[in-house]
1. Give the range 370-400 a look and list any residue that's in a loop (DSSP other than H, G, I, E, B), surrounded by fewer than 21 Cβ atoms within 10 Å (Cβ to Cβ), at negative phi and within 9 Å of the ligand (Cβ to nearest atom), or say none.
2. Considering only residues that are part of a strand (DSSP E or B), touching a residue at least 40 places away in the same chain (Cβ under 8 Å) and either open to solvent by 40 Å² or more (accessible area, probe 1.4 Å) or assigned by TED's automatic domain parsing to the domain that holds G330 (or both), which ones fall in the range 37-79?
3. Return a yes/no flag: does the range 246-254 have any residue that is part of a loop (DSSP other than H, G, I, E, B) and within 16 Å of the ligand (Cβ to nearest atom).
4. If you check L433 against the conditions, is it assigned to a helix (DSSP H, G or I) and within 14 Å of the ligand (Cβ to nearest atom)?
5. Enumerate the pairs (first residue in the range 1-30 and closer than 19 Å to A48 by Cβ; second residue anywhere and in a helix (DSSP H, G or I) and among the charged types (D, E, K, R)) with beta-carbon separation below 8 Å, excluding pairs fewer than 6 apart on the same chain, so at least 6 apart or on different chains.
6. Report whether or not P180 is within 23 Å of F267 (Cβ to Cβ), open to solvent by 20 Å² or more (accessible area, probe 1.4 Å) and either assigned by TED's automatic domain parsing to the domain that holds V7 or assigned to a strand (DSSP E or B) (or both).
7. With the condition kept exactly as written, say whether any residue in the range 283-290 is part of a helix (DSSP H, G or I), away from the ligand (no atom under 15 Å from the Cβ), surrounded by 19 or more Cβ atoms within 10 Å (Cβ to Cβ) and in the same structural domain as H327 (by TED's automatic domain parsing).
8. Name every residue in the range 342-369 that is open to solvent by 10 Å² or more (accessible area, probe 1.4 Å), more than 16 Å from the ligand (Cβ to nearest atom) and outside any strand (DSSP E or B), in order of residue number.
Amino acid sequence: MCGIAGVYGVQNAERLVAEILFATQHRGQESCGIATRNARGNVIAHKAMGLVKNVLTEDILSYYSGEISIGHVRYPTSASSNIDNAQPFAIDLAEGPHMAVCTNGSIVNYEQLRSYLEKEAGFTFLSDNDSELMGRLIAYYHVVNHIPIEEALPKALGQIHGAYAALLILRDKMFAFRDPYGIRPMVMGHLVGNVREEQLSDGTVFASEGCGFGIIGAREIRKVAPGEILCLQKGEPVRTIAKAPKTPLRHCVFELIYFSRPDSMTFDERVWDVRREIGAALAKKDRDELVGDDLVVIPVPDSSNFVAQGYAEASGLPFGMGLLRNHYVGRTFINPTQRSRDEGVRQKFNPLPDYFPGKRVILVDDSIVRGTSLRKLVRMIKGAGAKEVHVRVGSPPVVSPCYYGIDTPVPEELIANILPVPKIAKYMDADSLKYMDIEDFHEILSNHQDYCFACFNGDYVIKPADFESNPTISTDF
Ligand code: AMP
C-alpha cells in the first residue's frame, strides 16, 4: 500500500505535495519522494528511504521548486525494501527528462507486461515497481509508437490489469487516473483561493485521501472516477479525456477497515463513521452476553479507536485507553521473522499501570492476520491483572492474500486459514473471540456490492493466474 499526491499550476507545488504526503504518511513509511517540473521544463525526482519530514527537507524542496509536482509515500514490504523501488519514477524521453509517474496499487499482469517490454521493445528496467512499468508502457505507446498522449494513455491503461491510482507529469501536463474497478482511492480538490475558477486546472490537487487537503487550504471536490483519465493543462479546465468501459466496481474494503485515516472520506464513506458502525455491529452480537460493572472496552490503538468507541456507545459499557502505543515503533506487521514481529509488538504497546486488576476486558482490534499482535496483547493484559479478555475483531477472518496492493502474507501464514475460530481464541489465550461477518458490512456500507472482499472470501475480480497463458499486450497501433 502507498499514498500519492499531486498539485498542478501553483508556485512551489512541491511544498504542498510534501504537506499532503506528510498527512498521508500512515499509507507508507518505507520511502518517499517527489517529482517536479522545474522552470527549465525538466521533470526531476528526489526520493530516499525514510519519512517525509526527514527526506523532503527545506533544502530539498527549495531546490526542486516548480508549478507541477507529484509525490509518493511507499509502504514497507520486506521483499523489495530498497531505494530503486521508491517513487515517483522519472523517465527520460528522447527530447529530455520530461516525464514522471507514481502509483498506488498493484499490477496483476506485471510479469507479462514487463517481459513483453523487455523482449519485444528492448526496454531495460531499473526497478521492480509498478510505476516504472506503467511509465515505460505509456512511453512505449506515446514515444516509440508516436501515438498522441491522449490516445496512448487509454491504450496503455487498457493493457494494465490490477489496482492503480496514479499521477503522471508529461511535459507541461498532468494526468490523473484510476483503474476501472476503483480498487484504490484518489480524490481531487482545489486550492480554496481559486474557488470561483475551481474547474480550471491551476490550483488542482490530488491525493489518495483527502485528510491533507484542509491543511494546505484545499477543498475536496470529488473522486477521480474509476476508469477515468483526467488531463490538466495550464489555463484550461480539468478535462476527462477518456473513460474505461463500465465494469463492476471493487473498492477495497480494507481501506475502510484499516488503511485510510479516520478523517478521510474514502469511496464516499466517512471512515471514522464506518468504523464506529463496525463497533456497534460487534456490540450487537454480544447483547445480553457480556454484561457487568467490571467490563471495559479497550481498543488496540490507533486503528481500532473508533471501532471500540462504537462498541462502547452501542453497548453502554465504558471505553478505556488501557493500552498505550509508542508511535515511534514502525510497522511490526512486515518484519521478516516471527521473532522480530513479536519483539515489535512488545515494544509498541504498554498496559496502563494499575488499570487492569479486577477488570474484564473487551479488546477490540481492526483485523487479525497472523495473530501476532493479539496473542501478545491478550497475554500482556492478563499479565497486568485483567480477569478475562474477550477479543472482538472489526473485520471477517482474513483467509486469502491480496493481489491489489495490501501486503497480506501467503495463505499458510494467515491464522484464519489454518485454525478454526475457537482454536484461534485458544492460541491467543482469549476468553472469547468474535469477528465481523461479511453480511454485517453489507448493512454498514452504502453500496456493498461495489466492494472487494477477496481477502475474506477469496472472490477475486482478477488474479495472476488469469494471465498465465494469455497474450497481454495489444500491438494494434
Ligand atoms: P497480526 O498481528 O499479524 O494478526 O496483524 C494484525 C494487526 O496488524 C492488526 O492490529 C492490524 O491493525 C494490523 N494490520 C492488518 N493488516 C495490515 C497490513 N496489511 N499491513 C500492516 N498492518 C496490518
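The values are calculated or read from the model by the stated rules, or taken from the named source; none is laboratory data. Being a predicted model, the structure only gives us computed values, none of them experimental. With ideal geometry, Cβ positions are generated from the backbone for all residues, glycine too; neighbour counts draw on all protein chains shown. With ligands, DNA and RNA removed, areas are computed over all heavy atoms of the protein, side chains included. Shrake-Rupley method; radii C 1.70, N 1.55, O 1.52, S 1.80 Å.
1. R370
2. Scanning the range 37-79 gives R37, I44, K47.
3. no
4. For L433, the condition - assigned to a helix (DSSP H, G or I) and within 14 Å of the ligand (Cβ to nearest atom) - is not met.
5. C2/R27; G3/R27; F22/K53
6. So P180 passes the test.
7. Yes.
8. Listed by number, the residues that qualify are L352, P353, D354, Y355, P357, G358, K359.
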